[in-house]
Amino acid sequence: MLRHFPQPHLLYPHKKRDYFIAAFTFFCVAVCLISDANADMAKQNALGVCGWVFLTGLLLGEAKDVRVQVLIAVLFATIGEHFASPYMGGYTYRFSNVPAYVPPGHGMVYLTAVALARSGFFLTHARQIAAFVVAVCGLWSLWGISGIPDQGDYVGALLFVVFLAYLFKGRSPMVYLAAFFITTWLELIGTAVGTWKWAAIDPVLHLPQGNPPSGVAAWYCLVDAVAIGGAPLVMAWAGRARDYCKLQKARKNAYQGAGNE
């Protein structure tokens, strides 16, 4: 069950860049969501511009495969946001839109999950961190279906089970484990200050859900899985397209050279 976890009792390097990306994103998420709580559309759009600038700057030091993963995560998450929020009504932003900072925000959140997943601290203490996450999220889910809160959270409990499947059956458990921290952070802040609100009854399952649902990290894990799995395909397609263009250019040059003769 832990076959995709890093080997214990090994020395893993600590890179300052990984911790900087994480700390910077945690800080930006808090500032952005709190600022947007009482912002108008102009300020919301300005936050979006800042998000794209920050994401671009962070990606400058990343490898090509990570950049492609981030791009896929942004595209997939943005489509999912428009479907889940304005269309389905699973949760609603203040202006019933998808704020401009959300797409680049998803990119920064994904990059943070990757950075934490490869960090020396997470690799060294993977099993202990996993145990902590499972315990905390498990207790949160049990509390949601205990009948204690006024608004039950059966959807959160179901999502917690899905999250466990990602964590212990998926091929990138460290990314999913890291995603729990940054996504829980942004969900708790965003819902607390009223930047968005989850529907009391899930529009698809018709079950009560929390604000936010306890296992909400599972939705972000889906984005991560699509990004990780889709990047090799996109890079392969891009490589074939590049080779095809080079071949066509070579043939054109050869044809023109023969015509000049």
Would you pick out the residues in segment 149-203 that are within 17 Å of the chain's Cα centre (by Cα), under 14 Å from residue 217 (Cβ atoms) and among the β-branched types (Val, Ile, Thr)?
162, 175, 182, 183, 184
So which pairs qualify, if the first residue must be in segment 171-185 and touching a residue at least 40 places away in the same chain (Cβ under 8 Å), the second must be among the acidic types (Asp, Glu) and assigned to a helix (DSSP H, G or I), the Cβ gap must be under 6 Å, and the two must be at least 6 apart or on different chains?
175/224; 179/224
Go through segment 1-40 and count every residue that is within 16 Å of residue 112 (Cα to Cα), without any contact (Cβ under 8 Å) to a residue 24 or more places away in the chain and charged (D, E, K, R).
1
Is segment 25-36 home to any residue that is farther than 17 Å from residue 178 by Cα, outside any helix (DSSP H, G or I) and not polar (S, T, N, Q)?
no
Boolean, residue 139 is at pLDDT 95 or above, out of contact with any helix residue (DSSP H, G or I) (no Cβ under 9 Å at 6 or more places or on another chain), assigned to a helix (DSSP H, G or I) and more than 25 Å from residue 86 (Cα to Cα):
yes
Can you tell me how many residues in segment 186-216 are touching a residue at least 60 places away in the same chain (Cβ under 8 Å), in a helix (DSSP H, G or I) and surrounded by fewer than 16 Cβ atoms within 10 Å (Cβ to Cβ)?
0
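Filter segment 74-99 for residues that are more than 21 Å from residue 205 (Cα to Cα) and part of a helix (DSSP H, G or I) and give the result.
Taking segment 74-99 and keeping what is more than 21 Å from residue 205 (Cα to Cα), we get 74-76, 78, 94-99.
Correct list: 74, 75, 76, 78.
The values are calculated or read from the model by the stated rules, or taken from the named source; none is laboratory data. Remember, predicted model here, so these are calculated numbers, not experimental data. Ideal geometry is used to build each Cβ from the backbone, glycine not excepted, and the neighbour counts take in all protein chains shown.
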